[in-house]
Amino acid sequence: MAKKIKIMRIIGRLNIGGPAINAVFLTEGFNNNSFESLLVAGQVGEAEGDMSYLAQDKNIAPVIIPEIRREINFLNDIGAFFKLYRLIVKFQPDIIHTHTAKAGTIGRLAAILFNMLHKRKIAIVHTFHGHVLSGYFNKISTYFFIFVERAIANFTDIIIAVSETVRKDILSLGIGREEKIKVVHLGFELDKFLAVGPRQMSQVVNIGIVGRLVPIKNHKMFLDAAKLLLTEPRTPNPEPRFFIIGDGESRKDLEGYVQELGIAGKVKFLGWQTDLVKVYEDLDIVALTSLNEGTPVSLIEALASSRAVIATDVGGVRDIVGARVYPEIAERGILVKSGDIDSFVSGLKLLARDSDLRKRIGVSGREFVRERFDRKRLIKDMEMLYNNLLI
């Protein structure tokens, strides 16, 4: 029997979002007759939603290294580096595949050290699920992180971007060479969302935003739009209702902002929801107001559920919604420039008033994500990449 290919997959933390979902799916998908996988993750923050339950559902027991945290802390980072190095020596992987920024840096550095000190070379792969090189840090910090990414890219065998836009962003920052960067779209278990039926006609239109409550998601833009829609004459338009699904460090600030805007009775904070099918069943429109994104899971799930979407044109969003920017209607939703509150409100009005448009967007979006973001396709694409890497 041929020796199994051993993969060590390292992710910053199993918090709610696309990176954690795909890290779990890939770990499960590459535990078979040909592959053996080990999932390594850091500590989920107190204010974050924890997706460890997904790993448990897939019978995956990740190795948790508490020192791998989102915050930059020299002592923690050094501790995480040496723990990862010792784990590499023990597991002896053929491939190390890192996900997210912190794990990508520390994990690849540990792999580079192993390759320098041992005769046996480990192949190094890193996935950019987006990047933190825009909108997260001040200019000096951003330049430093770009410098680090450029340096580590020289020792990385394959860099994966989750969308063509993310690939172009990485190249524009001088990270990696064109032939080294491959696009592999995310994959999800979409069947339960594809089974969601149409919403019944109503005198109200439910508008929701799904995701972490953190500054980069720019929920204040969503609330500003809610204020403008709620204070204008409605007749004969349907009454808008607003829902924020998710939790995080910005929740108290956002709850205070709702009070400040005087719309507290019209906006509901629902926190994290485990039954997302029910969430999308109850929504007519799903919004996204982020300042930076990779491939937003909420838009994929919304379109799979045949729901209309409106989003800011950042990161890989246009690879999902389509390239046309409002006032033109994109193929699978409405796309507005980042921070353009006027276009965002106008787009929301259009979707709220036109149920036929919402239906058309939902139909075209469902077919698109069914083909593009299937979990089986993800496993197939990644297996081909791994096998080519080890030839």
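The values are calculated or read from the model by the stated rules, or taken from the named source; none is laboratory data. None of these values were measured; they are calculated from a predicted model. All Cβ positions, glycine included, derive from the backbone under ideal geometry; neighbour counts span all protein chains shown. Calculation scope for accessible area: heavy atoms of the full protein, side chains included, ligands and nucleic acids excluded. Shrake-Rupley method; radii C 1.70, N 1.55, O 1.52, S 1.80 Å.
Brief remarks on what is shown
- Residues of type lysines that Lys4 reaches as a straight line, Cα spacing below 21 Å, ignoring anything fewer than 8 places off in the same chain: Lys58, Lys90, Lys119, Lys121, Lys376, Lys380
- Anisotropy class of region 102-211 from Cα gyration tensor, a/c 1.5 cut: prolate
- Only protein heavy atoms count here; on that basis, with a 1.4 Å probe, Leu113 has an accessible area of about 50 Å².
- Shape of region 1-68, Cα gyration tensor, a/c cut at 1.5: prolate
- For region 39-80: rounded, prolate or oblate by the Cα gyration tensor [a/c cutoff 1.5]: oblate
- In degrees, nearest ten, helix 375-389 long axis to first principal axis of the chain (Cα): 30
- Distant-in-sequence amide H partners of Ser37 (H built 1.01 Å from N, under 5 Å): Ile7
- For Gly248, nonlocal amide neighbours, meaning residues 5 or more places apart or on other chains whose placed amide H falls under 5 Å from its own, are Leu213.
- Per residue, the accessible area of the chain comes to 46 Å², computed with a 1.4 Å probe over protein heavy atoms only.
- In this structure the amide hydrogen of Val205, modeled in the peptide plane, comes within under 5 Å of the amide hydrogens of Glu239, Arg241, none closer than 5 places in sequence on its chain.
- Using alpha-carbon coordinates, inclination of helix 18-29 to the longest axis of the chain, degrees: 50
- Surface/4 of the Cα convex hull for region 218-373, nm²: 8.7
- Accessible-area value, Arg120, 1.4 Å probe, nucleic acids and ligands omitted, Å²: 80
- Dividing the summed helix terms, -39500 (n - 2.57) for each DSSP H run of n ≥ 4, by the number of residues in the chain produces a 222 nm estimate of -13000 deg cm²/dmol to the nearest 500.
- Accessible-area composition of the chain, carbon plus sulfur, in percent [1.4 Å probe]: 53
- Extension gain (nm, one decimal) between Ala195 and Lys278, 0.36 nm per residue minus Cα-Cα: 28.7 nm
- Cα centroid separation, region 72-135 to region 276-338 (Å): 33
- Charges were assigned to the Cβ only: +1 to each Lys and Arg, -1 to each Asp and Glu. The resulting dipole of region 315-391 about its Cα centre is roughly 260 debye.
- Rounded accessible area of Met384 (nearest 10 Å², 1.4 Å probe): 110
- Unit charges at the beta carbon, dipole of region 241-391: most positive-side option, Phe269, Ala323, Leu254: Ala323
- Spread of Cα-to-Cα distances over 20 Å intervals beginning at zero, given as percent, for the chain: 28, 56, 16, 1
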